[in-house]
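Enquirer: Okay, here's the structure, questions in a sec.
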Amino acid sequence: MKKSGATKKRKAWKTILRFVVSFGLMGIILFLFREQLPLVFQYLKEVQPLYFGMAVVLFFVGLLPVSFRLRYVIQVHGTKLSVAAAYYVNLIALFFNNVLPSSVGGEMMKAYYLYKDSKGSVSVFSAVVVDRLFGLITMLLISISTIFFFDSAQGSHKIMGSIVMLAASTITLGIFIFNKKIVDTLCQLHIPVLPAIFIEKIREIYRAMYEYREHKGIFGRCVALTLLGQTTYIFANYLLARSLAIEIPLVFFFFFVPILLLMGAAPSVNGIGVREATFLFYLTEFTTSEKALSLSLLTTFFMILVGMISGLIYAFKGGLAAEEKKVSLE
């Protein structure tokens, strides 16, 4: 009972922290830009519907390769999943990302529906972890690779510093995920600084990824599908900038969008506040702070909109529909 009470208390404090971070940052930004807000809202009123609509459509098109990836990831664990069911599960995750305090909430709901409709196969939880890891690793590699194509990056301390940090993080993550000796050694150590739950998470991630060494073909397809899905999302963000008539090189978004998605994992309410701060930190290298704030607010509205569209579909369909419920054990 005491352990259960302590867990509930930790969850409550985490939720409070998320709200404090999000609305604290948002309050600070709005206060600092209080005199520029009329201009910011004027920019938002002048959004070009064509570009914005194209961004919405492209976003949902980009869910297709992500859905194929989830299908292949599930397949490794001996479970079949139709593309339609995978797409719908991703829509459910999108919706819950907007109603739960963290983007991880959507992944939890994805795992729940896959678990329920696979007749209780616990392997789907590992599959969801791996699916998210594919996205994370590919995002990091996309952002790092822009250093070879983005000339302006070499003149920006912010971008160069970020790329160096991302490269170091990617190498460290790769060592933890793919090197069994290091994982085993780390899991055997009793380091007070590292909580037991952190060590257990490393062990779970390694176990989940280890199974894919025997499926190199599926691994390659998942990487390719992730690249395609992330590219469509990057283009969607570029179109949002164009809808505000903001001229920023397309290659910048290949660096910036992965950073933006990574920041979504920070303690916040669906990235609110953190997203705006990230836009202001990086975009002011290429445009005015008012336009950077306008684009951040438009992106927030965009994410809420796609979440609402997903929510409407979920409200009408509920769980996986009969014609889409093709999740079964081999």
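The values are calculated or read from the model by the stated rules, or taken from the named source; none is laboratory data. Please read all numbers here as calculations on a predicted model, not as lab measurements. For neighbour counting, all protein chains shown are included, and Cβ atoms are generated from backbone atoms with ideal geometry for every residue, glycine included. In case anyone asks, the SASA skips ligands and DNA or RNA and just uses the protein heavy atoms, side chains included. Shrake-Rupley method; radii C 1.70, N 1.55, O 1.52, S 1.80 Å.
Enquirer: Would you point out the residue of the range 234-282, among those that are open to solvent by 20 Å² or more (accessible area, probe 1.4 Å) and on the phi > 0 side of the Ramachandran plot, that is modelled with the highest pLDDT?
Expert: Ranking the qualifying residues of the range 234-282, first place goes to ALA245.
Enquirer: Exactly one of (1) closer than 24 Å to LEU141 by Cα; (2) open to solvent by 40 Å² or more (accessible area, probe 1.4 Å) is unmet by ILE309. Its number?
Expert: The failed condition is (1).
Enquirer: May I pose another question? If the Cβ limit is 7 Å and pairs must be 6+ apart or interchain, which residue in the range 275-295 that is touching a residue at least 60 places away in the same chain (Cβ under 8 Å) pairs with which residue that is of a type in the set (D, E, K, R) and open to solvent by less than 10 Å² (accessible area, probe 1.4 Å)?
Expert: LEU293/GLU276
Enquirer: Further question on the same structure: Output the number of the condition that LYS2 fails; it satisfies all remaining conditions of (1) at pLDDT 90 or above; (2) more than 27 Å from the chain's Cα centre (by Cα); (3) open to solvent by 100 Å² or more (accessible area, probe 1.4 Å).
Expert: Result: LYS2 fails condition (1) only.
Enquirer: Scanning for something modelled with pLDDT under 90 and touching an Asp or Glu at 6+ places or on another chain (Cβ under 8 Å), does the range 312-324 turn up at least one residue?
Expert: Yes.
Enquirer: Within the range 64-79, count every residue that is under 19 Å from MET303 (Cα atoms) and open to solvent by 20 Å² or more (accessible area, probe 1.4 Å).
Expert: Number of matching residues: 2.
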